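K.L.:
Have a look at this one before I ask anything.
The values are calculated or read from the model by the stated rules, or taken from the named source; none is laboratory data. Treat the numbers as computed from the prediction; the structure is a model and nothing was measured. Cβ placement follows ideal geometry from the backbone for every residue including glycine, while neighbour counts extend to all protein chains displayed. Surface accessibility is based on the protein's heavy atoms, side chains included, excluding ligands, DNA and RNA. Shrake-Rupley method; radii C 1.70, N 1.55, O 1.52, S 1.80 Å.
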Amino acid sequence: MTKSRLAPLTTLRSAQRHPGDFRPSIAAFYAPEAAIHVVHPFNTCTGAEAYHDAVIAPLQEALDGFFRRDDIVMEGQFEGSDWISATGYYAGHFGKDWLGIRATERLAYLRFGEFHRMEAGRAVESYIFLDLPEFMIAAGQWPIAESPGLTRGYTGLIQGPASQDGINRPAADPAETEKSVTMVTEMLRSLATKDEAWRPYWHDNMVWYGPAAFGSFVGIEHFASFQVPFEGAFGGWSGGASGNGMTVHATRFADGPYICTAGWPSLTGVQIGRFLGQDPKGQRLFMRVCDWWRREGDLLVENWVFVDIPDVLLQMGVDIFEGYHGVAAGPRKVSAD
């Protein structure tokens, strides 16, 4: 897939395919004052140097042989701006403690997802998701025993697209791109409905690759066994496509049969049921969420999802990174600007 918008990301990906000094490639990719939002406990970095020093350099130190591999890469436009996105894994030998997580002395994978708003060939605004719970579960150090991913869902290394075209695809047909983004926007507006109006948009044997603490599920009924109770744990459930004034999609675009969204936060609801082992206190929670979907014909068949679960737990009063003081980044945001 050779597209001009993707050229900066292609250069960055190539530079990170093998171990090395990533500082120059990161500095070239980001504009000087880029706003780089990363999951808790990093939250907000300003500029490439802050992001490199707070996030990437400590990861390189912890994961010997640190490198990047991508499963989906895509580009598009949202509200007049150019966006690029990717998801995949960082990998390396987990030889030194990181974020208070004890080293396992084994090969380790850290799933990432990223969204970048581009101007003049450089990223000026980014949202970077890391599935830290997946990393901790694999290391045997996830502290929340009452997690759906541990009791009902699959947790482990998540596959790329079954169609194996997540990166090398021909140029997208604009009509197919428009169909994709329309379908997902309509589906999102059908979530949290009493009649489960989201169901007709999905293939019966769809695969939902969820954040590890939630788990992954194959088949619409197995997915519903997670989704319906999840929705039921909240009242006033509302998402970034609803125009509710509290949550937004920072971006939502399609590239042929692939669609993605990211919100910071993207979902909100008042907790009314027990969730992640925490009893409800009547508080409104905000969730930073991103997705990638793959469509076949008129149905969605695969969905890769991140939720900043450590940030959700923090809002519940549980800081799983309490006592860790090595993060040189800015404060978290609770609600949309």
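K.L.:
Kindly list the number of the only condition in (1) under 30 Å from Ala162 (Cβ atoms); (2) open to solvent by 10 Å² or more (accessible area, probe 1.4 Å); (3) part of a strand (DSSP E or B) that fails for Thr104.
P.N.:
So the condition that Thr104 fails would be (3).
K.L.:
Residues being within 19 Å of Gln141 (Cβ to Cβ) and either among the acidic types (Asp, Glu) or at pLDDT 95 or above (or both): count how many of those fall in region 321-337.
P.N.:
Result for region 321-337: 1.
K.L.:
Turning to a different aspect of this structure: Can you pull out every residue in region 107-150 that is surrounded by fewer than 19 Cβ atoms within 10 Å (Cβ to Cβ), part of a loop (DSSP other than H, G, I, E, B) and of a type in the set (Asp, Glu)?
P.N.:
Glu146
K.L.:
Still on this structure, I have one more. Give region 186-201 a look and list any residue that's open to solvent by less than 20 Å² (accessible area, probe 1.4 Å) and assigned to a helix (DSSP H, G or I), or say none. So that I can check it myself, show each step before the final result.
P.N.:
Keep residues of region 186-201 that are open to solvent by less than 20 Å² (accessible area, probe 1.4 Å), which gives 187, 190, 198.
Met187 - this is the single residue of region 186-201 that is open to solvent by less than 20 Å² (accessible area, probe 1.4 Å) and assigned to a helix (DSSP H, G or I).
K.L.:
Scan region 202-215 and tell me whether some residue there is β-branched (Val, Ile, Thr), in a loop (DSSP other than H, G, I, E, B), open to solvent by 20 Å² or more (accessible area, probe 1.4 Å) and out of contact with any helix residue (DSSP H, G or I) (no Cβ under 6 Å at 6 or more places or on another chain).
P.N.:
Taking region 202-215 and keeping what is β-branched (Val, Ile, Thr), we get 207.
Now narrow it down to the ones that are in a loop (DSSP other than H, G, I, E, B): none.
Within region 202-215, not a single residue is β-branched (Val, Ile, Thr), in a loop (DSSP other than H, G, I, E, B), open to solvent by 20 Å² or more (accessible area, probe 1.4 Å) and out of contact with any helix residue (DSSP H, G or I) (no Cβ under 6 Å at 6 or more places or on another chain).
K.L.:
Being open to solvent by 70 Å² or more (accessible area, probe 1.4 Å) and of a type in the set (Gly, Ala, Ser) is the filter; apply it to region 151-176 and report the residue that is modelled with the lowest pLDDT.
P.N.:
Ranking the qualifying residues of region 151-176, first place goes to Ala171.
K.L.:
Let me spell it out: the conditions are (1) modelled with pLDDT under 95; (2) over 24 Å from Ser180 (Cβ atoms), and Gly215 meets all of them except one. Which number is the exception?
P.N.:
So the condition that Gly215 fails would be (1).
K.L.:
Is at least one residue of region 79-86 of a type in the set (Gly, Ala, Ser), surrounded by 20 or more Cβ atoms within 10 Å (Cβ to Cβ), modelled with pLDDT of 95 or more and not in a loop (DSSP other than H, G, I, E, B)? Before the answer, list the steps.
P.N.:
As a first pass, look at region 79-86 and keep what is of a type in the set (Gly, Ala, Ser): 80-81, 85-86.
Subset that is surrounded by 20 or more Cβ atoms within 10 Å (Cβ to Cβ): 85-86.
Checking the rest, the ones that are also modelled with pLDDT of 95 or more come to 85-86.
Narrowing the set further to residues that are not in a loop (DSSP other than H, G, I, E, B) leaves 85-86.
Yes, region 79-86 contains at least one residue that is of a type in the set (Gly, Ala, Ser), surrounded by 20 or more Cβ atoms within 10 Å (Cβ to Cβ), modelled with pLDDT of 95 or more and not in a loop (DSSP other than H, G, I, E, B).
K.L.:
Tell me yes or no: at least one residue of region 132-139 is farther than 25 Å from Ser266 by Cα and in contact (Cβ under 8 Å) with a residue 24 or more places away in the chain. Step through it out loud before you land on a result.
P.N.:
As a first pass, look at region 132-139 and keep what is farther than 25 Å from Ser266 by Cα: 138-139.
Adding the requirement that they be in contact (Cβ under 8 Å) with a residue 24 or more places away in the chain leaves 138-139.
Yes, there is a match, as at least one residue in region 132-139 is farther than 25 Å from Ser266 by Cα and in contact (Cβ under 8 Å) with a residue 24 or more places away in the chain.
K.L.:
For a quick check of your reading of the model, give me the residue pairs whose first member lies in region 193-207 and is closer than 17 Å to Asp298 by Cβ, whose second is part of a strand (DSSP E or B) and at pLDDT 95 or above, with beta-carbon atoms closer than 6 Å and at least 6 apart or on different chains.
P.N.:
Here the result reads Tyr201/Leu300; Trp202/Leu300; His203/Leu299; His203/Val301; Met206/Val301, each pair linking region 193-207 to a residue that is part of a strand (DSSP E or B) and at pLDDT 95 or above.
K.L.:
List the pairs whose first member sits in region 295-321 and is farther than 15 Å from Ser266 by Cβ, whose second member is assigned to a helix (DSSP H, G or I) and basic (Lys, Arg), and whose Cβ atoms are under 8 Å apart, counting only residues at least 6 apart or on separate chains?
P.N.:
Matching pairs, first to second residue: Arg295/Lys179.
K.L.:
Something else now. Please return the ranges of strands (runs of 3 or more DSSP E) entirely within region 241-297 where 3 or more residues are more than 16 Å from the chain's Cα centre (by Cα) and over 25 Å from Pro161 (Cα atoms). Explain how you work it out, then say what you get.
P.N.:
Values: elements: 251-255, 258-271, 284-296.
Qualifying strands (runs of 3 or more DSSP E): 258-271.
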